[in-house]
Structures are given as structure tokens and as C-alpha cells.
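One structure below.
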Amino acid sequence: MSAVTTTLSRPIASSAISKLAQAATAVFFGVMIVGFVGFSHLEAVHNAAHDTRHANAFPCH
């Protein structure tokens, strides 16, 4: 008896859709995080973001 080998391969379109879905998810989470920090009325959230920007040498005001 001979062994049957099978190889699994994904179509190129499936890979492109997967990359697009990953990029869209990253953008969605990024916008949600920036929106939450930018419009938050919690002083602790603002101060944490403010200190992080300064720690990374990013001017914010």
C-alpha cells in the first residue's frame, strides 16, 4: 500500500482577506483607544496619556 500525502494550501485571496481583516481590527482598536483617551472626562486617564506622550518625547501642547 502506498501512503497518500496531502498538502494544505490556502488561496492567495484568503491570505489577502486575512491581512485586511487584521489591519481593520488594529485600526478599529487604535481609534477606540485614542477616542477614549481623547474624550475621557477622567483626569487619571488624561494624565496617564499626557505623561506617556511626554515620556516618548511627543509634544502635546
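The values are calculated or read from the model by the stated rules, or taken from the named source; none is laboratory data. Fair warning: this is a prediction, and the values are worked out from it, not measured in the lab. Using ideal geometry, Cβ is built from the backbone for each residue, glycine included, and neighbour counts are taken over all protein chains shown. Protein only, heavy atoms only, side chains kept; ligands, DNA and RNA dropped before computing areas. Shrake-Rupley method; radii C 1.70, N 1.55, O 1.52, S 1.80 Å.
Results, tabulated for the structure shown:
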quantity: Pair list, Cβ < 6 Å and 6+ apart or interchain, from the range 47-61 residues that are under 19 Å from Phe36 (Cα atoms) to residues that are open to solvent by 80 Å² or more (accessible area, probe 1.4 Å) and modelled with pLDDT under 75; calculated: none
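Matching residues to (1) modelled with pLDDT of 80 or more; (2) among the aliphatic types (A, V, I, L, M); (3) surrounded by 10 or more Cβ atoms within 10 Å (Cβ to Cβ); (4) part of a helix (DSSP H, G or I):
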site: Met1; (1), (2), (3), (4): no, yes, no, no
site: Thr5; (1), (2), (3), (4): no, no, no, no
site: Arg10; (1), (2), (3), (4): no, no, no, no
site: Ser15; (1), (2), (3), (4): yes, no, yes, yes
site: Ser18; (1), (2), (3), (4): yes, no, yes, yes
site: Ala23; (1), (2), (3), (4): yes, yes, yes, yes
site: Val27; (1), (2), (3), (4): yes, yes, yes, yes
site: Gly30; (1), (2), (3), (4): yes, no, yes, yes
site: Val37; (1), (2), (3), (4): no, yes, yes, yes
